[in-house]
Amino acid sequence: MRIVIAGSSGLIGTALVASLRADGHDVARLVRRRPAAGDEFEWKPEKAEFDPRALAGADAVVNLCGVGIGDKRWNGAYKQALRDSRLTATDVLANAVTAEGVPTLLNASGVHYYGDTGSRVVDESAPAGTGFLAELCRDWEAAAAAASNARVVLLRSAPVLAKHGGILHRLKLLYSLGLGGRLGNGRQYFPWIAMDDEIGAIKFALTNSEVSGPLNLVGPAPVTNAQFNRAMAQAMHRPAPFVVPRRALIAGIGEFAKEAILASPRAIPTALESAGYRFTHHTIGEALETALK
């Protein structure tokens, strides 16, 4: 297959490019600078500028674009950047996919589409929740729908547990110093997925033409924050006795704490498993053991 990837320099994109090429696929990358290699094509989504040669002969486009939701403290300008970096890029790609007749578009989204569901289990049939992240995911997916003649898959991904980068990069130092602990009351669900399964699920969706619509890219065994804390402490062989109160989290981190840390999207991967995908890592313990080696 010839696969074009936007957002190829991020945590997931870098791993996906390497894995697809190892499988023998032809991968082209969309970049926002002057191309430095034969597999790169420049685009400027904020100006709706796109080189149609990038999609010549493409079997699929994978859109992973988006400013990191936890990279900075949220304010009005950063929240707008979170929206613009996703919606504008998706709009340009979806229209290009339609114009060039590309048969498949895989578009990133997030498990926070469901908002705070508490202890209620949700799968892909559940409606969008409320809050900034839920509305962002809803609008992001709506932008992808402009690729009306393509098979569109919406990748509602959980935070990815990877050896290098991502959420574990921030947590490893804290836990190694014995400073890990429960966040808030710890009863909120923490969605997760191992990097092996994040990439495996994306490749599964790419190569299975019957898969379409939303896919929850989440581990099959949801855990609460308290359970994640215990598993992390065990994997790091360090105590994690601390509790960070809800008020302290909100005071220190702001709205991001309420939306992404204290919210509880208890999502399960019903559509993915029903389509025949088999997870490599079924439990948080397995995922952490691999990621922290």
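Conditions tested, residue by residue: (1) in contact with a Pro (Cβ under 8 Å, 6 or more places away or on another chain); (2) of a type in the set (A, V, I, L, M, F, W, C).
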position	(1), (2)
Val121	yes, yes
Leu136	no, yes
Lys163	no, no
Ser212	no, no
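Check Gly184, Gly165 and return the single one that is in contact with a Lys or Arg (Cβ under 7 Å, 6 or more places away or on another chain) and either at positive phi or modelled with pLDDT under 95 (or both). First the steps, then the outcome.
Working: Gly165 fails: in contact with a Lys or Arg (Cβ under 7 Å, 6 or more places away or on another chain).
The unique qualifying residue is Gly184.
Scan segment 106-143 for residues that are under 20 Å from Gly184 (Cβ atoms) and in a helix (DSSP H, G or I) and jot them down.
Correct list: Val111, His112, Tyr114, Phe132, Leu133, Ala134.
Can you work out which of the residues in segment 193-240 that are assigned to a strand (DSSP E or B) and in contact with a helix residue (DSSP H, G or I) (Cβ under 9 Å, 6 or more places away or on another chain) is surrounded by the fewest Cβ atoms within 10 Å (Cβ to Cβ)?
Gly213
Looking at segment 89-97, is at least one residue in a loop (DSSP other than H, G, I, E, B) and crowded, with 17+ Cβ neighbours inside 10 Å?
No - not one qualifying residue is present in segment 89-97.
Which members of segment 156-192 meet the condition of being aliphatic (A, V, I, L, M) and either within 15 Å of Met236 (Cα to Cα) or outside any loop (DSSP other than H, G, I, E, B) (or both)?
Correct list: Val160, Leu161, Ala162, Ile167, Leu168, Leu171, Leu173, Leu174, Leu177, Leu179, Leu183.
In segment 241-260, which residues are exposed (fewer than 13 other Cβ atoms within 10 Å of the Cβ) and part of a helix (DSSP H, G or I)?
Scanning segment 241-260 gives Arg247, Ala251, Gly252.
Condition first: among the β-branched types (Val, Ile, Thr) and free of Cβ contacts under 8 Å to residues at least 60 places away in the same chain. Now tell me which residues in segment 184-235 satisfy that.
Within segment 184-235, Thr224 is the sole residue that qualifies.
Within 15 Å of Leu133 (Cβ to Cβ) and either modelled with pLDDT of 95 or more or in contact with a strand residue (DSSP E or B) (Cβ under 8 Å, 6 or more places away or on another chain) (or both): is that true of Arg83 in this structure?
Values: within 15 Å of Leu133 (Cβ to Cβ): yes; either modelled with pLDDT of 95 or more or in contact with a strand residue (DSSP E or B) (Cβ under 8 Å, 6 or more places away or on another chain) (or both): yes.
In short, yes.
For segment 115-125, what are the residues that are touching a helix residue (DSSP H, G or I) at 6+ places or on another chain (Cβ under 7 Å) and either within 15 Å of Leu155 (Cα to Cα) or β-branched (Val, Ile, Thr) (or both)?
Val122, Asp123, Glu124
State whether the residues of segment 19-42 include one that is in a helix (DSSP H, G or I), out of contact with any Ser or Thr (no Cβ under 9 Å at 6 or more places or on another chain) and surrounded by 14 or more Cβ atoms within 10 Å (Cβ to Cβ).
yes
The values are calculated or read from the model by the stated rules, or taken from the named source; none is laboratory data. The shown structure was predicted, so the numbers you read here are calculated from the model rather than taken from an experiment. No Cβ is skipped: glycine too gets one built from the backbone with ideal geometry, and neighbour counts run over all protein chains shown.
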